Amino acid sequence: MYYVTPDEARSDLFLSGAVYLFGPLFLRVLLGVVPVAALPGAGAILAVGLPLVVTVVVPGLLMRYRRESLGDYGVGAAGAQALPAGLLVAAPIAAAAAVAGLATGDLTAGLPLLAAPRVPGLLLAQLARWLGLAALAVYVTVKARDAFAAQPQYLRPAMLEIGRVVGVVGAVAAVLLAVAGRSVAPLLLPLGVAGAFLVALRRLNPGTLTSRSTLLTPTVLLALGPFTLSFDAVAFVESIWVAALSAGVGLVIGALQEARRSPLGALGLGVVVALFTLLPTAPI
């Protein structure tokens, strides 16, 4: 293994984050010039391939360049218990999505697993999107651990400190959307993410150490992806709502990675969210 210095870790982190944030815009411009999407079957391929391009391709290339292995990110038998933890943590999000679907009168509309028969390629696109996001969040969490010199802090207090801010922002945005006449989903999905946060918090080892910057990195990165400025007040609030949901998921993934030192928890969470919810993410 090649030793990665803090400067190199910051460089890798910023590059992978920049590709996630600005890559979709570049790809949309490129696809507008080169009409690949018009080719038969290209739409389904792009729906699966583009999320992976902006999330995991650059980290994969950087790992190869730095001569890092998957074991450096916790892939191995020692982290096998992280997978069921990730599945359990994701359960409240899936439950909230199901209740939101029932409340709107169409359960299949919000559950990709049920909607898959009438929407070809939906499951593969969902899995590519959420597994890519989960892998990216794990990557930047590990890089942030090496990149930023910070005073160690216990994981639970650090998670609570960041989670309170994300929760307040998400709750206010959800209430404003409900007042504006949107569906019940704005109120229920934040409750699902809050439930995932609480389940993860309760399963943490009180003695686990991390740093605020390590947890903030996946939280902020996943929040910035879907956030957009708009002169339309409702669209702006909706953007904040989606950003808060994504931030909550990023915080949970960062906490799982720090607690278990294995990406399997994050990938388990990503699978559940992909199959059982249409939780909004950044447009790719």
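Quick notes on this structure:
- Answer label, with percent of Cα pairs over 34 Å apart calculated from the coordinates and candidates (i) 50; (ii) 20; (iii) 17: (iii)
- Dividing the summed helix terms, -39500 (n - 2.57) for each DSSP H run of n ≥ 4, by the number of residues in the chain produces a 222 nm estimate of -23500 deg cm²/dmol to the nearest 500.
- Heavy-atom accessible area per residue - segment 1-109, 1.4 Å, Å²: 57
- Accessible heavy-atom area order of 161, 8, highest first, probe of 1.4 Å: 161, 8
- Note on segment 195-259: Cα convex hull, mean projected area over all directions, 4.6 nm².
- Three-way shape label, segment 37-96, alpha-carbon gyration tensor, a/c 1.5: oblate
- Residue 55 exposes around 0 Å² of accessible area when a 1.4 Å probe is run over every protein chain in place.
- Here the contact order of the chain, divided by its residue count and restricted to Cα pairs under 8 Å and six or more residues apart, works out to 31 percent.
- Between residue 5 and residue 38, the modelled labels are 5.0 nm apart [label points 7 Å from Cα along Cα→Cβ].
- C-alpha center-to-center spacing [segment 190-268, segment 140-161] in angstrom: 13
- Among 22, 227, the sequence by solvent-accessible area, most first, with a 1.4 Å probe is 22, 227.
- Equivalent-ellipsoid semi-axes of segment 74-224, from the Cα gyration tensor, Å, largest first: 29, 20, 14
- Counting 0.36 nm for each residue step from residue 235 to residue 182 and taking away their Cα separation leaves a gain of 18.0 nm.
- Taking all protein chains as shown and a probe of 1.4 angstrom, residue 72 keeps an accessible surface of around 50 Å².
- Rounded percent of accessible protein surface that carbon and sulfur make up, the chain, 1.4 Å probe: 72
- Å² of accessible area per residue within segment 163-240, as computed with a 1.4 Å probe and no ligands counted: 52
- Spacing of the two label points (7 Å from each Cα toward its C-beta) at residue 116 and residue 31, in nm: 2.2
- Residue among 59, 190, 152 with the largest mean-square fluctuation in a Gaussian network model of the chain, springs linking Cα atoms under 10 Å: 152
- Ordered by solvent-accessible area of protein heavy atoms (1.4 Å probe), largest first, the residues 63, 159 come out as 63, 159.
- Evaluating 6.51 cos²θ - 1.76 cosθ + 1.60 at θ = phi - 60° for every residue in segment 34-45, the Karplus couplings come out as 10, x, 5, 4, 6, 5, x, x, 5, x, 5, 5 Hz, glycine and proline recorded as x.
- The slack in the chain from residue 154 to residue 22, taken as 0.36 nm per residue of separation less the alpha-carbon distance, amounts to 44.2 nm.
The values are calculated or read from the model by the stated rules, or taken from the named source; none is laboratory data. Note that the structure is predicted; figures quoted are calculated from it, not measured. Note: ideal-geometry Cβ built from the backbone for every residue, glycine included; neighbour counts use all protein chains shown. The accessibility values were calculated without ligands, DNA or RNA, using every heavy atom of the protein model including side chains. Shrake-Rupley method; radii C 1.70, N 1.55, O 1.52, S 1.80 Å.
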